[in-house]
Amino acid sequence: MHVRSSSYTTGGEYLTPVRIHADRPQSALEIEWGDGHLTRYDFVTLRWLCPCAFCRGEAGMPGWLDSKPTLTEAQTQLTDLALVGQYAVQPTWADGHHTGYYTFQRLREECPCPEDTARRGDAPHLTHRLG
Ligand SMILES: [Zn+2]
Ligand SMILES: [Zn+2]
């Protein structure tokens, strides 16, 4: 058997953004998915989700965000958003932080809309960690 890059193995429409829009006046990131679902993160929530080693820690060490810092305005202001291949976006924040790759899968799984929050049965950004 060989592995094909089918819509099944890639997650298909469910994980394929058809539109990504960083709305700076509204301080929100909107992602519209191939299956029609709309995910909307305010920048503060998005910043708290930063999956990089500095924010999340590594090798069992807690990261910066685990110390529950008070985020400054610059730390929650998005200045740029780059696509990483076909699988992630990389925001740049006004404080210069830019090491977090937010995979589409994670952005979809952490979707803060009421249905998805209810489906997960937990607070969207406090209990999940990568790794
Ligand atoms: Zn980070
Ligand atoms: Zn949702």
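When Ile31, Ile20 are ordered from fewest to most other Cβ atoms inside 10 Å of their Cβ, what list results? Don't skip to the end; give the middle numbers.
Working: Ile31 21, Ile20 15.
In increasing order of surrounding Cβ atoms, one gets Ile20, Ile31.
In whole percent, what relative contact order does the stretch 7-120 give with Cα contacts below 8 Å and a gap of six or more residues? Each step should come with its number before you reach the end.
Working: 163 pairs, mean separation 21.8, N = 114.
Normalised by residue count, the contact order of the stretch 7-120 is 19 percent.
Quick check for you: which residues of the stretch 16-37 have the amide N under 18 Å from the point 7 Å beyond the Cα of Thr92 toward its beta carbon?
21-25
Once phi is turned into θ = phi - 60°, what whole-Hz ³J(HN,Hα) does the Karplus curve with 6.51, -1.76 and 1.60 give for every residue of the stretch 96-101, x standing for Gly and Pro?
x, 6, 8, 9, x, 9
Place a point 7 Å from Cα of Trp64 in the direction of its Cβ. Which residues in the stretch 81-104 have their backbone N less than 13 Å from it?
The answer is 92-100.
5 Å is the cut-off here: which amide hydrogens, built 1.01 Å from N in the peptide plane, fall below it relative to Leu81, excluding neighbours closer than 5 in sequence?
Distant-sequence amide H within range of Leu81: Thr92.
What list of ³J(HN,Hα) couplings, whole Hz, do you get for the stretch 29-36 from phi and the Karplus terms 6.51, -1.76, 1.60, once you set θ to phi - 60° and write x for glycine and proline?
Rounded to whole hertz, the list is 10, 10, 10, 9, 9, x, 8, x.
Taking the stretch 29-131, which GluC sites (Glu not before Pro) meet the DSSP loop condition and have no more than 13 other C-beta atoms within 10 Å? Before the final figure, lay out the partial values.
Numbers: sites: Glu30, Glu32, Glu58, Glu73, Glu109, Glu110, Glu115; in loops: Glu58, Glu73, Glu110.
Hits after loop and neighbour filter: Glu58, Glu73.
For Asp23, what residues show an amide H to amide H distance below 5 Å, using hydrogens built from the backbone and excluding near sequence neighbours?
Ala28, Leu29, Glu30
So who's got an amide H within less than 5 Å of the one on Ala88, skipping anything under 5 residues away but keeping other chains? H placed 1.01 Å off N, in plane.
Result for Ala88 returns Phe104.
What does the extension gain come out to for Ala118 and Ser27, with contour length at 0.36 nm per residue minus their alpha carbon separation? The partial results should precede the final answer.
Values: separation 91, 0.36 × 91 = 32.76 nm, distance 2.38 nm.
So the chain would gain 30.4 nm between Ala118 and Ser27.
Identify the chymotrypsin sites (Phe, Trp or Tyr not before Pro) of the stretch 18-99 meeting these criteria: DSSP loop state and at most 16 other C-beta atoms within 10 Å of the C-beta. Numbers along the way, then the final one.
On the way: sites: Trp33, Tyr41, Phe43, Trp48, Phe54, Trp64, Tyr87, Trp93; in loops: Tyr87.
Those that pass, being in a loop and sparsely packed, are Tyr87.
Values quoted throughout were computed directly from the atomic coordinates according to the rules given, and no laboratory measurement underlies them. Model, not experiment: these values are computed from the prediction. As a convention, Cβ positions derive from the backbone with ideal geometry for all residues, glycine included, and neighbour counts pool all protein chains shown.
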